Amino acid sequence: MSGVNIIIADDHLMFLEGLNTILLDMEEVKQVHLATEGTQVLRLLEQFEIQLVITDLNMPKMDGVELLTKVKKDQNGVKILVLSMLDNPRVVHKVIQKGADGFVPKFTNKEELQLAVRELLNDKQYFSEVIKQRYMESVFDKKKYEDIELTQREKEVLELLAEEMTSKEISEKLFISVNTVETHRKNILLKTGSKTTTGAVKFAIESGLFD
C-alpha cells in the first residue's frame, strides 16, 4: 500500500515529533497528522481519509481506550496501533478485547515500530513479544477469579467503596441500612480473600469488575 494517511495521538509534543520523523521516513506514508488528545483524532478522521491511527493510552479529555472503542464502533476500517508505556496485563487485555490491531511499548525501536505499521497497513496484526506475554498473563490471572462471584448488590457496594464513600453514605445512596452495608462489606472481604476494603477494590480492578 502506498500513499497512506496516518494520525499520531500523544500528549507529549517531542515524542509526537519524533514519531512523525520516523513515519515520514517510510515510503508507504503520504501524510502524518498530529493530535494531542482523542477528540482531535475524531475531528481529523472526519476531515481526512485515514488508514491508521497510532495512539497513546494516557491522554487528557479522551484516553486511548475510549478513542479505540469509538473508532472501532464508528469507523471499523481504520487500523489502530497502540503505542504506550502502560503494558500491565489488565491494560493489555482490555486493549486487545476492545479491538486494537496492534500494540507495541513505547520503548520499542524504530525498526519494530515501522514493522508494526507495515503489518497493519497490510491488513495484519502486530503485537510485540512483551505484549503477547502480558496478554497471556492476563488470561491466567482472569482464571483465578472465575470461581469468585459477587452478587449485584455486593458489586454496587464495592464500587461505592472504591469511591471512598462511608457506610452511611452508601446506605443513603442505595436506600439500605448501615448494618446491611456492613454485612455486604464483610461478605465482599470474605469472598475475595481480602483483609481490607483497599484489598477488595484491588481485586475488583484486577478481575475486571469495573470494566
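Summary table
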quantity: Residue match in the range 165-175 (condition: closer than 30 Å to THR69 by Cα and either small (Gly, Ala, Ser) or at pLDDT below 85 (or both)); calculated: no
quantity: Sole exception among (1) touching a residue at least 24 places away in the same chain (Cβ under 8 Å); (2) part of a helix (DSSP H, G or I) for ARG43, by number; calculated: (1)
quantity: Residue match in the range 12-28 (condition: touching a Leu at 6+ places or on another chain (Cβ under 8 Å), surrounded by fewer than 20 Cβ atoms within 10 Å (Cβ to Cβ) and not in a helix (DSSP H, G or I)); calculated: yes
quantity: Failed condition for VAL65, given (1) in contact (Cβ under 8 Å) with a residue 60 or more places away in the chain; (2) part of a helix (DSSP H, G or I); (3) under 16 Å from the mean Cα position of the chain (by Cα); calculated: (1)
quantity: Some residue of the range 83-90 being surrounded by fewer than 21 Cβ atoms within 10 Å (Cβ to Cβ), assigned to a helix (DSSP H, G or I) and not hydroxyl-bearing (Ser, Thr, Tyr); calculated: yes
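The values are calculated or read from the model by the stated rules, or taken from the named source; none is laboratory data. Quantities reported herein were computed from a predicted structural model and do not represent experimental measurements. With ideal geometry, Cβ positions are generated from the backbone for all residues, glycine too; neighbour counts draw on all protein chains shown.
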